[in-house]
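Novice: Got a structure here, written out as structure tokens. Questions coming.
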Amino acid sequence: MSNRNSPAETPPGWPSALPLAVITVSERGTMAVSYDGHAFPPPTPDASWSRTRFGDLLDAISDHRKHTVRVEVHEFDGSVFTDIIHAARRERAIAEDQPPSATRRARHRPMRQLIEVNGAGFIPGEDVTVALSVSSAEGSAEGTARAVIDVSQLTDHRSEILLIGRVSGVIVTERLPS
């Protein structure tokens, strides 16, 4: 008997069970992975799962975003992070056999402007958080800070990008180009 309920086995109104992937990270950044209690090996036996292949691991666990999966990451320092990787939404089938024209597509998709931000001093394979700084605040005498953010600041191009090493504590700041 499976430990997951299929839609046919789940009574209406009952919560459905999500498959669980447990990722245990070693101090060196290699990861042991189990999926619903069974070992989940990497696609090639000569390579192990590592932080640098975390995106590939999430794709493999969720069958390239076809299935929703609950993920628990157990870090070597004892911290635990839990998230749900949602299945990608399926595109609606187009009634016509031909794809929409390029001009029609261009009207519905905003033009993307990509920038690259680089930083040094991080531990190889560590998770690096990328944050957009929209404001700054001053700490009080009690050691607290409060920030009130104007929503219009979220599109302001005078902001800074922060790269924050989760293990090393390295913080790299770069101002966005205007």
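Values in this text are rule-based calculations from the coordinates and carry no lab data. Because the structure is predicted, anything quoted here is derived from the model rather than measured. Neighbour counts run over all protein chains shown; Cβ positions are idealised from the backbone, glycine included.
Novice: Gain in length, residue 86 to residue 67, computed as 0.36 nm per residue apart minus the alpha-carbon separation, to one decimal in nm?
Specialist: 6.1 nm
Novice: How about the range 109-150: which GluC sites (Glu not before Pro) there lie in a loop by DSSP and see at most 10 other Cβ atoms within 10 Å?
Specialist: 116, 138, 142
Novice: For the range 15-93, what log10 I(q)/I(0) values come out of the Debye formula at q = 0.23, 0.26 1/Å, with one point per alpha carbon and no solvent?
Specialist: For the requested q values the scattering log ratios are -1.12, -1.36.
Novice: Set the Förster distance to 45 Å, then compute FRET efficiency between residue 32 and residue 133 from the Cβ-Cβ distance, nearest 0.05.
Specialist: 0.80
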